[in-house]
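Okay, so here's the structure we're looking at.
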Amino acid sequence: MPFSVYNNPLMQNLLKELIQTAPTADNGEIRTAKVLLNYLKTAGVEIKIDHWDGKNANFIARIPGSEQKKALLLAGHLDVVGADQKAWTTPAFEGIEQDGKIYGRGSTDMLGGLTAVAAAIAEIKQENLPLKGDLIFVATAAEETDSAGVKRFLRTNGPSLRPLAGIIVPEPTGLEVMRAHRGILWLEITTLGKTAHGSMPHLGINAIEKMMAFLNLFKMYHIPYQPHPLLGDCCISINKITGGQATNIVPDRCAVQIDIRTLPGQAHNAIKKDIEQLLDQSKQQDKNFKAKITVMRSVPALETSQDNPFLTSVCKAVGVKKASAVGFTTDGPWFAKLDAPVLVFGPGDPRMCHKPDEYIEIEQLEKAKDAYKRIILEILG
Ligand SMILES: [Zn+2]
């Protein structure tokens, strides 16, 4: 029969309850972690909630195996992005079930994935299926902002996790196995000048004009890279500019924010150094040029090689012939620091992420739960 005899309605209820905790950056994830804990504790799973700052939380569950095999880590995030209720036709944080779908912020990104993993683990425990290695399920805080949760998790728990057979990130991929994604490097460049009255610009230093000079140089800069067979090109886009206070004041500050999407193998530090050289060049051409560069966010690209045995086992377990790549970035590269192959695989259409009226099909949840079970038994059985 296609649906689990154990907890099909329970799985849907779990997702609704998780959505109702509204784990946005403002609210944090403590309540969300507790909902997962209550669900899995009835299945007899060892669980720890690590919380800090009065609102952020990491959830860590471990099902010990017989240690004949390396451990499997399933690792996602608890937080969701906010929702502008005006743009929604359904309540964003209620978890409404309608026409075989569950609506709500996080249903796809990625409370749905966490729900399917939790349901798979509950069934494995209830069916008493023996595992030859540890099964670890982690859901961390603040992936949508600064990945504070995964960084803390790696600091506090990283060493105790090894050796790992592999890591699966249950972000939405429409149940495709993804072995690569691009990285993110967000930079802010600020030029600094001196204010003066608009009628006497020669007494000031115009930060917007200094920025124009820099941007002209920057437009001629090409980041060195080799196109990637799955991910294509590295891309770069100046997406925000701010500066000036009024029409009659010479601006003393102008800032641009640059979004760079990197490929596996590109060193973010080298790109930053290149841009620092352009700033030095601007300074050599103009003694009044003054600027600073800030890294706003840096997440490296992710890639697991096509012939990796963990990838082969996961594809076999879920009946997928070939792995592909996703367009968005995940916490996967942080987990890759654990020296294990990382794959992204989860329920839901990635185009739903961060959108109004976000939903997930219950059928996707069911299929994902069955797929996670098959993966767990393939790797640890
Ligand atoms: Zn996500």
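If you go through the stretch 57-91 and keep only what is touching an Asp or Glu at 6+ places or on another chain (Cβ under 9 Å) and within 16 Å of the ligand (Cβ to nearest atom), you end up with Asn58, Phe59, Ala75, Gly76, His77, Leu78, Asp79, Val80, Val81, Gly82, Ala83.
Residue count for the stretch 159-178 satisfying the condition of being within 16 Å of the ligand (Cβ to nearest atom) and surrounded by fewer than 22 Cβ atoms within 10 Å (Cβ to Cβ): 3.
A search for C-beta distances below 8 Å between a residue of the stretch 163-176 that is closer than 14 Å to Ile376 by Cβ and any residue that is of a type in the set (A, V, I, L, M, F, W, C) and within 9 Å of the ligand (Cβ to nearest atom), counting only pairs 6+ apart in sequence or on different chains, returns Pro170/Met110.
Taken as a whole, the stretch 358-376 holds no residue that is touching a residue at least 60 places away in the same chain (Cβ under 8 Å), of a type in the set (Lys, Arg) and closer than 21 Å to Pro163 by Cβ. Tell me which residues, restricted to the stretch 126-158, are in contact with a strand residue (DSSP E or B) (Cβ under 8 Å, 6 or more places away or on another chain), more than 16 Å from the ligand (Cβ to nearest atom) and more than 16 Å from Ile60 (Cα to Cα). Those that are in contact with a strand residue (DSSP E or B) (Cβ under 8 Å, 6 or more places away or on another chain), more than 16 Å from the ligand (Cβ to nearest atom) and more than 16 Å from Ile60 (Cα to Cα): Leu131, Gly133.
Does Arg253 satisfy being touching a strand residue (DSSP E or B) at 6+ places or on another chain (Cβ under 9 Å), among the basic types (Lys, Arg) and within 16 Å of the ligand (Cβ to nearest atom)? Spelling it out, it is not the case that Arg253 is touching a strand residue (DSSP E or B) at 6+ places or on another chain (Cβ under 9 Å), among the basic types (Lys, Arg) and within 16 Å of the ligand (Cβ to nearest atom).
When only residues in the stretch 258-298 that are closer than 22 Å to Gln226 by Cα and in a strand (DSSP E or B) count, which is nearest to the chain's Cα centre (by Cα)? Applying the filter and picking the extreme gives Ser298. Taking helices (runs of 4 or more DSSP H) as the structural unit, those lying wholly within the stretch 302-381 and holding at least 1 residues that are more than 24 Å from Ile184 (Cβ to Cβ) correspond to 309-318, 362-380. For the stretch 33-42, state whether one or more residues are within 19 Å of the chain's Cα centre (by Cα) and not in a loop (DSSP other than H, G, I, E, B). Scanning the stretch 33-42, I find at least one residue that is within 19 Å of the chain's Cα centre (by Cα) and not in a loop (DSSP other than H, G, I, E, B), so the answer is yes.
Taken together, the values in this text are just the output of simple stated rules run on the coordinates, not laboratory data. Quantities reported herein were computed from a predicted structural model and do not represent experimental measurements. Neighbour counts are summed over all protein chains in view; Cβ atoms, including those assigned to glycine, are modelled from backbone coordinates with ideal geometry.
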